[in-house]
Amino acid sequence: MPLLQFHGADDGCILSARVDDRHRFAAPHALEVVPDVGHFLHIEAPEAIAERIAAWAE
């Protein structure tokens, strides 16, 4: 199953360098670091996240 992973560029809970674990997944895996948001991407930028998911799912 393909996987889309988001990470907020300003996330103070999980550091970006620790998130890029794409090597662990056998399926296609995309990591997208989203600028100007923190840990709660879907709350901080719901429209932008929804647009990214829709574009990826096409």
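The values are calculated or read from the model by the stated rules, or taken from the named source; none is laboratory data. As the structure is a computational prediction, the values presented were derived from the model and not from experiment. Reconstructed Cβ throughout: ideal geometry from the backbone, glycine too, with neighbour counts over all protein chains shown. Only protein heavy atoms, including side chains, enter the accessible area calculation; ligands, DNA and RNA are left aside. Shrake-Rupley method; radii C 1.70, N 1.55, O 1.52, S 1.80 Å.
Number of residues in region 26-51 that are open to solvent by 60 Å² or more (accessible area, probe 1.4 Å) and farther than 21 Å from Ile14 by Cα: the value is 4. Could you list, ordered by first residue, the pairs with Cβ atoms under 7 Å in which the first is in region 30-58 and assigned to a helix (DSSP H, G or I) and the second is modelled with pLDDT under 95 and among the charged types (D, E, K, R), at least 6 apart or interchain? Here the result reads Arg52/Glu32, each pair linking region 30-58 to a residue that is modelled with pLDDT under 95 and among the charged types (D, E, K, R). The set of residues in region 28-43 that are closer than 12 Å to His7 by Cα and not aliphatic (A, V, I, L, M) comprises Glu32, Pro35, Asp36, Gly38, His39, Phe40, His42. Here Ala27 fulfils each of the conditions (1) among the aliphatic types (A, V, I, L, M); (2) touching a Pro at 6+ places or on another chain (Cβ under 6 Å); (3) modelled with pLDDT of 90 or more apart from (3).
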